[in-house]
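The values are calculated or read from the model by the stated rules, or taken from the named source; none is laboratory data. Everything numeric here is computed off the predicted structure, so don't read it as measured data. Don't worry about glycine lacking a Cβ; one is built from the backbone with ideal geometry, like all the others, and counts go over all protein chains shown. For accessibility, only protein heavy atoms count, side chains too; no ligands or nucleic acids. Shrake-Rupley method; radii C 1.70, N 1.55, O 1.52, S 1.80 Å.
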Amino acid sequence: MNKGFTLIELLIVMVVVGVLVTVALPKYYASLERGRSVEGISNLRAASDAINAQYVVNGNSYPSSITGSSALQVGDVTKSAYFTTPTVSFSGNTVTVSTSRADGSYTLKAYNSNGDLNYIECTGDGQTCLNIGMDLSGGRYRMDFSN
């Protein structure tokens, strides 16, 4: 009696392992991207909190810019490994803070008004936006913070 595996048994095991890897790998990459997206979302929230704190300090109005020695610099409250340093744009009582994935696959934008973070929007690859936790609402991928 021979001890060992036949060629057919080895091929069947290889096919089963191949199918398992084919099914599991996309889920693994999606979970990696979800983890990386936390950096971008955290950066936007930190920058939004800093800008909204400035709103309160300035008597319920946003500053016209974030330059100057007295203004908080957005780079001071964020960490950028997978995302670009957030940029801020002002328009009256609305502030938009945006950052992009370093590889350019998608962009995250936080929309603030009247001292509150309203929502974060994802633009770019729709499947990636869904994978990182955005909801599809009105044709846009968003994470809503308004009450």
I'm trying to understand the selection: among the residues of the stretch 1-28, which are at pLDDT below 90 and either under 26 Å from the mean Cα position of the chain (by Cα) or surrounded by 10 or more Cβ atoms within 10 Å (Cβ to Cβ) (or both)?
Phe5, Pro26, Lys27
Go through Ser80, Ser146, Ser48 for me and flag whichever is open to solvent by 60 Å² or more (accessible area, probe 1.4 Å) and either in a loop (DSSP other than H, G, I, E, B) or modelled with pLDDT of 85 or more (or both).
Ser146
Residues of the stretch 105-118 classified as open to solvent by 20 Å² or more (accessible area, probe 1.4 Å) and within 12 Å of the chain's Cα centre (by Cα), total:
3
Out of (1) assigned to a helix (DSSP H, G or I); (2) in contact with a strand residue (DSSP E or B) (Cβ under 9 Å, 6 or more places away or on another chain), the one Tyr29 does not meet is (2)
Extreme residue, modelled with the lowest pLDDT, among residues of the stretch 29-45 that are surrounded by 18 or more Cβ atoms within 10 Å (Cβ to Cβ) and among the polar types (S, T, N, Q)
Asn43
Within the stretch 83-130, work out how many residues are assigned to a loop (DSSP other than H, G, I, E, B) and free of Cβ contacts under 8 Å to residues at least 60 places away in the same chain.
11
Kindly provide the set of residues from the stretch 131-147 that are in contact (Cβ under 8 Å) with a residue 24 or more places away in the chain and out of contact with any Leu (no Cβ under 8 Å at 6 or more places or on another chain), ordered by number.
Asn131, Ile132, Gly133, Met143, Asp144, Ser146
Within the stretch 51-77, take every residue that is of a type in the set (A, V, I, L, M, F, W, C) and at pLDDT 85 or above and give me the one that is least open to solvent (accessible area, probe 1.4 Å).
Ile51
